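Please read the structure below before turning to the comments.
The numbers here are math on the coordinates, done by the rules we state, and not lab data. This one's a predicted model, so the numbers in the text were calculated from it and none came from an experiment. Using ideal geometry, Cβ is built from the backbone for each residue, glycine included, and neighbour counts are taken over all protein chains shown.
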């Protein structure tokens with residue numbers, strides 16, 4: 001699946017409680033949502049995503065695969 005409705009290179013910020021696992025906000029340029037295997041946790045739906053983590057100064061940290069709360073993800077298309 002690919003991300004819809006945002007220009008290429010958009011950096012998304014997820015609060016600590018909206019992704020697993022890490023400390024503090026996560027800034028990531030989303031590339032893919034792995035929608036084929038959603039997870040249930042604490043009554044919520046979560047998806048694994050792939051992208052490039054960015055620092056708060058806009059520098060590339062590196063590739064990242066992380067699980068994000070579905071309700072916080074942008075609109076996606078297949």
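Full extension of the segment from residue 31 to residue 15, taken as 0.36 nm per residue of separation minus the current Cα-Cα distance, would add 3.9 nm. Segment 2-72 has equivalent-ellipsoid semi-axes of 19, 15, 10 Å, by the square roots of 5 times the alpha carbon gyration tensor eigenvalues, sorted largest first. Remark: spin-label model distance residue 59-residue 42 equals 3.2 nm, labels positioned 7 Å along the Cα→Cβ axis.
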